[in-house]
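Readers should treat all values here as calculations from the given coordinates under stated rules, not as data from a laboratory. What you are looking at is a predicted structure, and each value in this text was computed from that prediction instead of being measured. Heads up, the Cβs are rebuilt from the backbone with ideal geometry, glycines too, and the neighbour counts pull from every protein chain shown.
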Protein chains: 2
Amino acid sequence: MTQINRQWVLASRPEGAASPSNFRLVEAPLEPLADGHFRVRNHYMSLDPYMRGRMNDSKSYAAPQPLDQVMIGGTVGEVVESKHPKFAVGDKVVAMFGWQEFGTSDGAGVRKVDATHIPLSAYLGAVGMPGVTGWYGLNKIIAPRAGETVVVSAASGAVGGVVGQLAKRAGARAVGIAGGADKCRYVVEHLGFDACVDYKAGNLYQDLKAVTPDGVDGYFENVGGEVLDVTLARMNAFGRIALCGMIASYDGQPLPLKHPALLLTQRLLVQGFIVSEHPDVWPEALTELGTLVAQKQLHYRESVAEGIEQAPQAFIGLLKGKNFGKQLVKLI
Amino acid sequence: MTQINRQWVLASRPEGAASPSNFRLVEAPLEPLADGHFRVRNHYMSLDPYMRGRMNDSKSYAAPQPLDQVMIGGTVGEVVESKHPKFAVGDKVVAMFGWQEFGTSDGAGVRKVDATHIPLSAYLGAVGMPGVTGWYGLNKIIAPRAGETVVVSAASGAVGGVVGQLAKRAGARAVGIAGGADKCRYVVEHLGFDACVDYKAGNLYQDLKAVTPDGVDGYFENVGGEVLDVTLARMNAFGRIALCGMIASYDGQPLPLKHPALLLTQRLLVQGFIVSEHPDVWPEALTELGTLVAQKQLHYRESVAEGIEQAPQAFIGLLKGKNFGKQLVKLI
């Protein structure tokens, strides 16, 4: 009997917010495996904000997600069939197979991982692209000195949580910004940030000011919009801003920066970056992050949607901040 | 007979645009010279956009200009009386004596200069603070590679002219933005830029696009507002922006940045800077700039107002772009 591979493809490009109708679930029969190939049953697929940008047909750092093709994305899983000399049945792998239950590969871009000390799903979060993103922005752009204050937006998310914990390990004061009291409590109590401000409480500038009495030296930005405006107004001279994401404007409406003159008067550095363009740092970053996770010194939380059917709703929720920690879809 | 020193003091802080009523001309008698001091007759005083910022009483990188005190500013002149062992009558000096005819000093912050190969006034322009500002932003932030495109706003000004000429010497394509056909012609024909766009012509984006067919890799920003928005939209991936001035918003109205998400999608670097905070580069920069001016390989133009009475009007004109090249006031 031919096995079926369920896949989500991009059916149409969003006008404004992404909606379930932009995606279509298709069933493709699995072809017989060719020599030199192997097949992976994906256990988890990753949902990340960058995917929203790929859904647009606009000039950006990456080619748009093609229509009618499987949605891009990171996956972890287990080799279930192999005609490849270096991948054996039972191997655990991290790959970019996208929003589907199975992936077939000749090995390019697929990495075997050890799931005995590190949970397999962590390779999509703290020990994967989001973790390395946080590591790069903190260490290569913000480069905090002991005693400095580092602010992180989307602090309970997969990237932000790593940034704050690494900032603390560097001797800095870590202040999070997150949506809601629950997330803020988690950021302080479980991730060990010094403070966290709830941007939904409606008093962002005053609340941020209260917990950054010495101003802000480093800012890891995932959000944009009001959160960026407010934090910019708290920046100290010679501050550094790692610009990683602007999820607030991913749905299309451009959000202006209200006071760009602050970049001059405070002599700030702003650096936009995409972690995939810095492959040189990945080995060092993954080694450090993997060690910390294995030793339970780096904490994270996951929002897990059950079953591939849930992927679009989970993704749309992620864009609205409904996730709590790394958003995954569990496939098996 | 006691000699009189005419001085401009700040009479009041501007609400919006600076006006003549913000300044007051006073006459102070020159006190007898103390031991260890010397007196300078200022030949030229410098007018620079940064002075507008100092007139506000707002948080910035420098203390505000105090009310009823002599306006801050660079000067060049000649020692006319000395009780200081290292400064003799006839020495030419560059100093920060401000908007006045005479300066008295113990030597702190005063530098003797050679006016035989370099015109004295150039020490307030291409071989002074404006020149080093251009040198720093171009070499330390933009760091153009041969074949790249560098855009410079306020290109006919004291800073912008240096930036474009140094960019050309580095093998880059230099494109200016200036106000009016005369300034644009000068930027191309006399300063040797590859092209110049007139922002007053009303078609800035299309005009800039036409002369930057390969996009923009480096941007030296003196202006802000629309000019910044438009140039940002032309930036290539990994572009560098040296943020030196935002003269468009100096009169108080904050000008937003319309599409900050471009900083992320193009992975741009933005660095605000103040050249006085980088004293380590001054000797190298001044040596290079002085050599180029003496060899007539670095060109510049001056707008000279005659007589100290003209200083406020000349300064207000500078803020409106009425100057053409480095704005000076000739005092003798």
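A few comments on the model shown:
- Segment B:1-80 and segment B:188-235 have Cα centres spaced 35 Å apart.
- Inter-chain neighbour count for A:269-280: the average number of beta-carbon atoms from partner chains within 10 Å of each residue's beta-carbon is 4.
- Largest-first ellipsoid semi-axes for the protein assembly as shown, taking √(5λ) over the Cα gyration tensor eigenvalues, angstrom: 57, 26, 22
- For residue B:210, net neighbour charge (Lys/Arg +1, Asp/Glu -1) across residues whose Cβ lies under 13 Å away: -2
- Inter-copy spacing of residue A:259 label points, which lie 7 Å from Cα along Cα→Cβ, given in nm from shortest upward: 2.6
- For trypsin sites (Lys or Arg not before Pro), the sites in segment B:269-332 that DSSP calls loop and that have at most 14 other Cβ atoms within 10 Å are B:296, B:320, B:322.
- Here residue A:90 yields copy-to-copy label distances, from shortest upward, of 9.6 nm, the label point defined as 7 Å from Cα along Cα to C-beta.
- Exposure proxy shown here: for A:292, B:264, the number of other Cβ atoms within 10 Å sets the order, fewest to most, as A:292, B:264.
- Normalised by the number of residues in segment A:14-173, the average gap of Cα pairs under 8 Å and 6 or more apart makes the relative contact order 18 percent.
- Potential lengthening of the chain between residue B:203 and residue B:330 amounts to 42.0 nm, from the contour at 0.36 nm per residue minus the alpha-carbon distance.
- Neighbour counting of Cβ atoms within 10 Å sorts the residues A:207, A:114, A:280, fewest neighbours leading, into A:280, A:114, A:207.
- Using a 4.7 Å Cβ-Cβ cutoff, the cysteines of chain B lacking any partner cysteine are B:244.
- DSSP-defined beta bridges in segment A:118-243 - what % are antiparallel, rounded to 5: 0 percent
- Principal axis dimensions, segment A:237-332 - Cα atoms, whole angstrom, descending: 53, 36, 23
- Remark: segment A:103-119, residue by residue, has Karplus-estimated 3J(HN,Hα) of x, 10, 8, 9, x, 5, x, 9, 10, 6, 10, 8, 9, 7, 9, 10, x Hz, where x stands for each Gly or Pro and the curve is 6.51 cos²θ - 1.76 cosθ + 1.60 at θ = phi - 60°.
- For segment B:1-61, the C-alpha radius of gyration divided by 2.2 N^0.38 Å, with N the number of residues, is 1.46.
- DSSP beta bridges in the protein assembly as shown [antiparallel fraction, %, rounded to 5]: 55 percent
- Sum of side-chain charges, residue B:90 neighbourhood, beta-carbon under 14 Å (Lys, Arg +1; Asp, Glu -1): +1
- Distances between copies of residue A:291, taken at a point 7 Å out from Cα along the Cα→Cβ vector and listed shortest first: 4.7 nm.
- Normalised by 2.2 N^0.38 Å, where N counts its residues, the alpha-carbon radius of gyration of segment A:129-276 equals 0.93.
- Relative contact order, percent, chain B [alpha-carbon distance under 8 Å, six or more residues apart]: 17 percent
- Pairs of Cα atoms nearer than 8 Å and 6+ residues apart set the relative contact order; for segment A:129-276 it is 23 percent.
- For residue A:81, net neighbour charge (Lys/Arg +1, Asp/Glu -1) across residues whose Cβ lies under 10 Å away: +3
- Each residue in A:30, A:318 was given a count of other beta-carbon atoms within 10 angstrom of its own, and listing them fewest first yields A:30, A:318.
- Of A:73, A:164, A:307, the residue with the greatest mean-square motion in the GNM of chain A, using alpha carbon springs below 10 Å, is A:307.
- In the structure shown, the pairs B:168/B:296; B:296/B:326; B:200/B:330 are assessed against 20 Å; a Cα-Cα span above that value is assigned to B:200/B:330.
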